[in-house]
Amino acid sequence: MGVIEVNPAQVAKAAKAISVASRNIDAALEELTAHATILRRSWSGDAQSAFDAAQERFDGNMRERTGLVMAVSDLLGELATQYSDADLAGQRVLGGS
């Protein structure tokens, strides 16, 4: 039978790294959107409408991505706490402090 080893500190570190990376992606997307908005102003009519529709779809996809990534980060943070609590409980049962 295989062994699964979990290091709560590493899980917490991964959660934080994912959260930081997500914020960095969000910042880059905001910059991209700002540049795209400048470009949008040079268009009119159907071109502008097509851009608006595409941008709306893109924004929706990015909101969904942000939600999923933050859910993963939050879950990893919760798991780190649970594993740490389980380790402490095991130590107490075995007479550790």
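In loop segments of the stretch 1-78 as defined by DSSP, the GluC sites (Glu not before Pro) with at most 13 further C-beta atoms inside 10 Å of their C-beta are Glu5. Over all pairs of different C-alpha atoms in the stretch 1-83, the reciprocal of the mean inverse distance, the Kirkwood hydrodynamic radius, equals 15.3 Å. Among Ser42, Ser19, Ser84, the largest mean-square fluctuation in a Gaussian network model of the chain, built with springs joining Cα atoms closer than 10 Å, belongs to Ser42. Karplus-derived 3J(HN,Hα) values for the stretch 17-27, using 6.51 cos²θ - 1.76 cosθ + 1.60 with θ = phi - 60°, are 4, 5, 4, 5, 4, 4, 5, 5, 4, 4, 5 Hz; glycine and proline are entered as x.
To the nearest ten degrees, helix 45-93 and the longest principal axis of the Cα atoms of the chain are 10 degrees apart. Note on the chain: with a GNM built from Cα contacts shorter than 10 Å, the maximum mean-square fluctuation among Thr37, Thr66, Thr81 falls on Thr37.
Taken together, the values in this text are just the output of simple stated rules run on the coordinates, not laboratory data. It should be emphasised that the depicted structure is a prediction, and the values quoted were computed from it without experimental measurement. With ideal geometry, Cβ positions are generated from the backbone for all residues, glycine too; neighbour counts draw on all protein chains shown.
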